Structures are given as structure tokens and as C-alpha cells.
Amino acid sequence: MDSDTPQAGARAGRLAGRKALITGASRGIGRAIALAYAREGADLLLTATRADALAAVRDECAAQGARVALHCADVAQRPAVEGLVEAALAALGDIDILVNNAGVYRAARLVDCSPEDFDRVMQVNVYGAFHVLQLVLRQMQRQRRGKVVNIASSAGKWGSMNQAAYNASKHALVGLTRCAALEMAAHGVNVNAICPGFVQTDMFDEFRVHAEILGVPFERVIEGAIARIPLRRALAPEEVAALAVYLGSAESDGMTGQSLLLDGGMLMV
Ligand SMILES: NC(=O)c1ccc[n+]([C@@H]2O[C@H](COP(=O)([O-])OP(=O)(O)OC[C@H]3O[C@@H](n4cnc5c(N)ncnc54)[C@H](OP(=O)(O)O)[C@@H]3O)[C@@H](O)[C@H]2O)c1
């Protein structure tokens, strides 16, 4: 543990005493979840590929009183994920909550998408989630308890232009969530997913390529996207974090196998 703040269990909050592994914690939605979990009393193992950004989030979480360990890993690399889960168990003892959040986006028309780009999106968003999920579920099965929060996307529920690889990867994550939930229910482990719509993060900027493909100014594309949202706005990462706290806490003990849309009403299915 990098922080010498109070022992686990001594802090208050909806996640007091829980130990959480959060991937993609260096910025955006993952950072917001790390901060919310720290505020609610959890101890954390944070991971991403960039050490500098991760260290900054560690300091913010430690300022909330959380005990925080860091371990950099590319989730697409199985040996790196094995090292990550070993590091998490060494630092935390158990893993009560896994937040599978690391993800990448590539905009391209399906007919132009290179096999390399398609592969990279699948490697990070599907295989990465699978590697972490499988190794952590083995541990949760032994513990006979646990919560998994997969960060999928509204793109896992419908079709959208110029992002076939991303949509396919998020549909896969929704499927993985259901199958894991079915197999793990008897072991006391809940597995759910959040499907955010538009969230203001660095990933939002990747839409510039989408705008180029359409031949429409970026601002017009964003206006068009917002116009399709009944609440008429993008979400803040903190709003996704609030749902991730619920799914990581005992409050959601009765829920498993769900992929919850959090998108300002963009999709009503
Ligand atoms: N923003 C949205 O509108 C939106 C909507 C729906 C769903 N989502 C999903 O929400 C999740 C977080 O997205 P975000 O918007 O917060 O994106 P972001 O700001 O681009 O952050 C992505 C995070 O994933 C990490 N990451 C990327 N590739 C990785 C790899 N190979 N191994 C380990 N970590 C990796 C990044 O860390 P490093 O750079 O240090 O590697 C970073 O911490 C993603 O799964 C995304 O698909 C986002």
C-alpha cells in the first residue's frame, strides 16, 4: 500500500472495508470511480498503462483517506494481467469489487477498418476484460463473494455509424456479463455492467475522426448527438461513478446479469 492512512474497516461509507481493483483508473470514468470508491471507504488497487497519470489519481484518492496501491499493466497482455492480479492480492489481500473499465475507441467505416485497428479494440475491450474477469472471478469464487462492474457502453446495445469494432466489442462485453453472472451466481458473486451514453472524457474527442468521415464539423456532430438525447446533455464521469458505487455495494445484492443504460434517455429499451 502506498498510503499510510487509516486501516481498512476504520473508515465510514457505503464501501467501507471493501477492496477494489479498478482498471483504466488514470483518467475519465475510471478516475471518477476511483475517487467515489475512495470517498465511500474502499481500499484500492488502481491500474492503467501510464504511471504518471495513475500516481496523480492515487494522490487524490489518498487525500480521501483511502489506502491505495498502483500497478501498471496493459490489460490486453495476459502475462501482464496475471502480474496485475497477483499485485492486487498482495496489496489488498482479497478483491471484493472488480471494476473492468479500461477501454479504447477507434472510429472507422466498417469497410475501411484495418484488421490491426479491429484487433486492438477487441484485444483491449474484450480480451482485456476477459483476462481480468477470469482471473479475478477465480479468486472471488474461492472467497464465495464479490461484485463485478463491467463498463460497457450504449454501443453494446445498438448499432452506430463508423464504430463497428467498438460496438462489436461492447456487445461482447454485455454478453460476457450475462454469462459470468449466470455461472457465478451460485458462488455469491454479482456481475453487472453499466452502459453509458455520451460521457465528457478524453474519449469524447475521438469523435473528431467520426466527424471527418462524415465530412461534418465536429461541433455539428456533437450537437446532433446531443439532440438525440432526451435530457439534452452529455453525462459527467461522476454520474457513472455513482452507479458504480451502487453496483459495488451491498445495496445491489439482488441484482446480477444486468447491463444498465445510463445515457440521458438516448435509448429506451
Ligand atoms: N466517454 C464515453 O462517452 C464513454 C461512453 C460509453 C462507454 N465508455 C467506456 O468507459 C470506459 C472508460 O472510458 P473513458 O471515457 O473514461 O476513456 P478515457 O478517458 O480514454 O480513459 C481510458 C482509460 O483506459 C485505460 N486504458 C486504455 N487502454 C488500456 C490498456 N490497454 N490497458 C490498460 N488500461 C488501458 C487508460 O489508461 P492509459 O492511457 O494510462 O492506458 C485510461 O485510464 C471505456 O471502457 C469506454 O469504452 C465511455
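The values are calculated or read from the model by the stated rules, or taken from the named source; none is laboratory data. In this text the structure is predicted, and so the values were computed from the model without any measurement. FYI the Cβ positions are ideal-geometry reconstructions off the backbone, even for glycines, and counts take in every protein chain you see.
Rundown of residues vs (1) closer than 19 Å to THR201 by Cβ; (2) touching a Pro at 6+ places or on another chain (Cβ under 7 Å); (3) assigned to a loop (DSSP other than H, G, I, E, B), yes/no style:
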site	(1), (2), (3)
ILE22	yes, no, no
ILE29	yes, yes, no
LEU46	yes, no, no
LEU54	yes, no, no
ASP59	no, no, no
ALA91	no, no, no
LEU98	no, no, no
VAL104	yes, no, yes
CYS113	no, no, yes
>> Take the residues in segment 231-269 that are part of a loop (DSSP other than H, G, I, E, B) and farther than 27 Å from PHE207 by Cα; name whichever of them is farthest from the chain's Cα centre (by Cα).
In response: GLY254
> Applying the selection to segment 145-171, what residues are among the small types (Gly, Ala, Ser), within 12 Å of the ligand (Cβ to nearest atom) and out of contact with any strand residue (DSSP E or B) (no Cβ under 6 Å at 6 or more places or on another chain)?
Replying inline: ALA155, SER160, ALA165, SER169
> Of the residues GLY103, GLY93, GLY83, which is without any contact (Cβ under 8 Å) to a residue 24 or more places away in the chain and within 22 Å of the chain's Cα centre (by Cα)?
Replying inline: GLY83
> Regarding VAL199, is this residue more than 16 Å from LEU98 (Cβ to Cβ), surrounded by 15 or more Cβ atoms within 10 Å (Cβ to Cβ), in contact with a Lys or Arg (Cβ under 9 Å, 6 or more places away or on another chain) and touching a residue at least 12 places away in the same chain (Cβ under 8 Å)?
Replying inline: no
> Do we find that GLY175 is near the ligand (Cβ under 10 Å from one of its atoms) and part of a helix (DSSP H, G or I) in this structure?
Replying inline: no
>> Looking at (1) farther than 20 Å from LEU89 by Cβ; (2) within 9 Å of the ligand (Cβ to nearest atom); (3) small (Gly, Ala, Ser); (4) touching a Ser or Thr at 6+ places or on another chain (Cβ under 8 Å), which one does GLY128 not meet, given that it meets all the others?
In response: (1)
> Which members of segment 196-214 meet the condition of being within 13 Å of the ligand (Cβ to nearest atom) and not in a strand (DSSP E or B)?
Replying inline: GLY197, PHE198, GLN200, THR201, ASP202, MET203, PHE204, ASP205, GLU206, PHE207, HIS210
>> Could you check segment 21-53 and list, in sequence order, the residues that are within 11 Å of the ligand (Cβ to nearest atom), surrounded by fewer than 23 Cβ atoms within 10 Å (Cβ to Cβ) and either under 23 Å from SER153 (Cβ atoms) or modelled with pLDDT under 95 (or both)?
In response: ARG27, GLY28, THR49, ARG50, ALA53
> Can you name the residue in segment 67-89 that is within 16 Å of the ligand (Cβ to nearest atom) and assigned to a loop (DSSP other than H, G, I, E, B) and, of all such residues, is nearest to ASN190 (Cα to Cα)?
Replying inline: VAL75
>> Restricting to segment 224-262, and then to whatever is more than 16 Å from the ligand (Cβ to nearest atom) and of a type in the set (Asp, Glu), can you tell me which residue is nearest to LEU176 (Cα to Cα)?
In response: ASP253
> If CYS195 satisfies every condition in (1) over 23 Å from ARG31 (Cβ atoms); (2) modelled with pLDDT of 95 or more but one, which is the exception?
Replying inline: (1)
>> Looking at ALA193 and the list (1) in a helix (DSSP H, G or I); (2) in contact with a Ser or Thr (Cβ under 8 Å, 6 or more places away or on another chain); (3) crowded, with 21+ Cβ neighbours inside 10 Å; (4) among the small types (Gly, Ala, Ser), which single condition is not satisfied?
In response: (1)
